[in-house]
1. Report the residue count in the stretch 16-32 for those that are assigned to a helix (DSSP H, G or I), more than 14 Å from residue 144 (Cα to Cα) and without any contact (Cβ under 8 Å) to a residue 24 or more places away in the chain.
2. Looking at (1) touching a helix residue (DSSP H, G or I) at 6+ places or on another chain (Cβ under 8 Å); (2) surrounded by fewer than 20 Cβ atoms within 10 Å (Cβ to Cβ); (3) within 25 Å of residue 150 (Cα to Cα), can you tell me which one residue 36 breaks?
3. Sort out which residues of the stretch 6-15 are over 15 Å from the mean Cα position of the chain (by Cα) and in a helix (DSSP H, G or I), and write them in order of number.
4. If we keep just the residues of the stretch 92-116 that are farther than 24 Å from residue 19 by Cβ and more than 16 Å from the chain's Cα centre (by Cα), which is surrounded by the most Cβ atoms within 10 Å (Cβ to Cβ)?
5. Step by step: first the residues of the stretch 68-88, then only those that are in contact with a strand residue (DSSP E or B) (Cβ under 6 Å, 6 or more places away or on another chain), at pLDDT below 95 and in a helix (DSSP H, G or I), then the one that is surrounded by the fewest Cβ atoms within 10 Å (Cβ to Cβ). Which residue is that?
6. Exactly one condition in (1) in contact with a helix residue (DSSP H, G or I) (Cβ under 8 Å, 6 or more places away or on another chain); (2) closer than 25 Å to residue 125 by Cβ is false for residue 10; which is it?
7. Of the conditions (1) in contact with a helix residue (DSSP H, G or I) (Cβ under 7 Å, 6 or more places away or on another chain); (2) part of a helix (DSSP H, G or I); (3) within 22 Å of residue 121 (Cα to Cα), residue 65 fails just one. Which one is it?
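The values are calculated or read from the model by the stated rules, or taken from the named source; none is laboratory data. Being a predicted model, the structure only gives us computed values, none of them experimental. Reconstructed Cβ throughout: ideal geometry from the backbone, glycine too, with neighbour counts over all protein chains shown.
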């Protein structure tokens, strides 16, 4: 996961990192039993994104639902600094929130204002944000899921 150029869409190791860390931290499964990386990428009815651990974290994963919600295709989404998913005035609040996630491991019930590629904004409703921690305890990034949002008119 160190390179934004890696194609993690259906990577089984990345899927194991996403689902394993979610299950360990949140205490419930991220995906239904029997599903795989291809399902999470192409068919999941919820947004799933992840960024790396760089000083200015960049998206390394965005499933099809995330691409549709944010208005980017895979090639445009992967590598974008994740801070750009929030408008400038919201970025300090976003960073405070990420600091809380780092301290607690995850936060459920998240609500935050986000911006699409087009500049249109929407509220994430009832999201879960968690740290991507592998089986050795190494931090690999941060991920988020949400299935509810409200467009701002």
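1. Selection size over the stretch 16-32: 1.
2. The single condition residue 36 does not satisfy is (3).
3. Listed by number, the residues that qualify are 12, 13.
4. Top of the filtered list is 93.
5. Ranking the qualifying residues of the stretch 68-88, first place goes to 82.
6. (2)
7. It is condition (1) that residue 65 fails.
A quick yes/no check of all residues on (1) part of a helix (DSSP H, G or I); (2) touching a strand residue (DSSP E or B) at 6+ places or on another chain (Cβ under 9 Å); (3) in contact (Cβ under 8 Å) with a residue 12 or more places away in the chain:
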| position | (1), (2), (3) |
| --- | --- |
| 90 | yes, yes, yes |
| 94 | yes, yes, yes |
| 101 | yes, yes, yes |
| 107 | no, yes, yes |
| 112 | no, yes, yes |
| 118 | no, no, yes |
| 124 | no, yes, yes |
| 129 | no, yes, yes |
| 136 | no, no, no |
